[in-house]
Every structure is written in structure tokens, then in C-alpha cells.
Amino acid sequence: MSLILVPRNTPCFEPGQTFRRIQAMITILAVAHNPITLHHIRLVLEREGFHILSATSGKLALALAKEYRPSLIILDIMLPDMSGFELCSQLRTMPLIDQAPILFVSTYQSAQYVARALNCGGDDYLRVPFIGRELYARVRALLRRAKKAVNGATTIHMDSGQQSVAVNGKPIDLTPTEFQLLKHLCTRPDQHHTAASLLEALWQYPSGSGDTALVRNHIRNLRCKIENDPKHPSIILSLHGRGYTIKAHVTFETAEDNASLQPSG
């Protein structure tokens, strides 16, 4: 049975209800089959001011990660429906989650398990039992590293409700087609997109039809607007034979988010 542990004085949310993250708190997703391990993680990290979401299955963890976009994820290897390794690999393919630090916690002491955890996308490995001070130190170190990586990267903020884009905080004026093209690339940052696949996805051309020069022209126009040096792009990258991809830290704001900010009554 899967469960979400909700800290005291935290309001409950119905499944699917929009969650507005409290800005002063960092959200961490803890995933473990053992409720004692989950309780210990919650006890240590809530005391330090973190907001903790908990899950005892991989399926629930994926749903929570997609909805709440945690800043850091703590994974156990043993889960009832999939291994922590499988879950980590899936998390690494999810837009907006793929860059979140992942800390494995496990009773397995062998270096073989440590290596496998790091190879599947984990950032650190903490052996159980552990003391609270060490868990907190590992979490802080991972969050510091992640913050430095974000600070050094280009940031793109997309507002679907307002159809607006900002790059490193600077508003960018895009046409509707350019906006949809950039959004498509940004929501699938782990993929390379060929011109042919973009013609199918965005222009609804049948497979094998359409002129790929149409895509190249729009990519060139996008680069002129968002790149510091369009002739040597660092945001919209292209790899011969594989297609286009985005290299940036991307955040999204949806129409639902905008509606929730409107005053009621």
C-alpha cells in the first residue's frame, strides 16, 4: 500500500489539486518502502526547515515528482513495484526533474550497489543506518551544487497562459509559431528533435512530407532572438544527424497557475 506522509499543520491536497510551493521552503521527495526510514528522514529534514513529500512506491513517486517538482529526491533501492535504480532512470528522463539531485539511501553496503546507483543517474549514496547530521550535510552539499549549476546556466521561463518568454530574466518577443517551437524543445530537453519530427509534431505534416527548410528558418529566427551569439549558439544546439536540443534551465508557468493568482470574488 502506498502512502503520503503529511507533516503536522500542513494542509492536505486532493489528488490532482494544484500545489503552490511555499517559497521559503525547499521541497524534498523521500521514497522508501520502510516507514521507519521515511520517518527518520522526515524527522531530520523537517527540523531543518525542509518540506518533505513521502512515497512508498515508485509509481507514487513518479506522480509526486511530476506534480510537485522537488528540488531534491531521496531514494531507497528496495521498492515494492520497481527498484530504486529503475525509478532513478525514469526520473532522469522527466523534464524539469532530470536535473534534481538524487541521493540514494540503502542498507546495501557493497561498492557494487554504490556504483550502480551512481551509474543510473544518482548523485550520492548514503548507507543505512546513518546519523541525522550526515544526512543533513549530504542534502545541503547536493543542493549547493545544484544551485551553482543553475546559476551558471542560461535560464528560460515560459508562461503558457500569457504566451511569454524570458531568457535570463529578459523578456523575449516571439511569434506564436516561435513560442510553440521553443516550448516543444523545452518540454523535451532530454531528446534530440530532427527537422522532420518537428514538421510532424508542430506543423502536422504527414511523415516524410514538408520542407525541412521551414524548421531551419524558424530555428535561425529563434536563435537570433534568444542567443547572445546566434552564429555560435549555446542554447539551441544541433548535432548532425540527430537534430536540435535545448541546453538551459527551464521553468514553466501554466494558465492554471496564472488563474490561481487572480483575486477571488
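Considering (1) modelled with pLDDT under 90; (2) over 30 Å from LEU75 (Cβ atoms); (3) β-branched (Val, Ile, Thr), the lone condition that VAL167 does not fulfil carries the number (1). Restricting segment 52-77 to residues that are hydrophobic (A, V, I, L, M, F, W, C) and in contact with a Gly (Cβ under 7 Å, 6 or more places away or on another chain), the residue that is farthest from LEU38 (Cα to Cα) is ILE77.
Okay, residues lined up against (1) charged (D, E, K, R); (2) at pLDDT 90 or above:
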{"residue": "THR10", "(1), (2)": "no, no"}
{"residue": "GLU14", "(1), (2)": "yes, no"}
{"residue": "PHE19", "(1), (2)": "no, no"}
{"residue": "ASN34", "(1), (2)": "no, yes"}
{"residue": "HIS51", "(1), (2)": "no, yes"}
{"residue": "MET78", "(1), (2)": "no, yes"}
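Looking at THR187, is it assigned by TED's automatic domain parsing to the domain that holds PRO233, at pLDDT 90 or above and on the phi < 0 side of the Ramachandran plot? No; evaluated as a whole, the condition is false for this residue. Once segment 26-42 is narrowed to residues that are under 14 Å from VAL128 (Cβ atoms) and part of a helix (DSSP H, G or I), the residue that is farthest from the chain's Cα centre (by Cα) is ILE36. In a residue-by-residue description of segment 150-172, the property of being in contact with a Cys (Cβ under 7 Å, 6 or more places away or on another chain) and of a type outside the set (D, E, K, R) applies to at least one position. Counting only helices (runs of 4 or more DSSP H) that sit completely within segment 74-170, those holding 1 or more residues that are out of contact with any Lys or Arg (no Cβ under 8 Å at 6 or more places or on another chain), among the basic types (Lys, Arg) and surrounded by fewer than 16 Cβ atoms within 10 Å (Cβ to Cβ) correspond to 132-151.
The values are calculated or read from the model by the stated rules, or taken from the named source; none is laboratory data. It should be emphasised that the depicted structure is a prediction, and the values quoted were computed from it without experimental measurement. Counting neighbours? That spans all protein chains shown, and the Cβs are built from the backbone with ideal geometry, glycine included.
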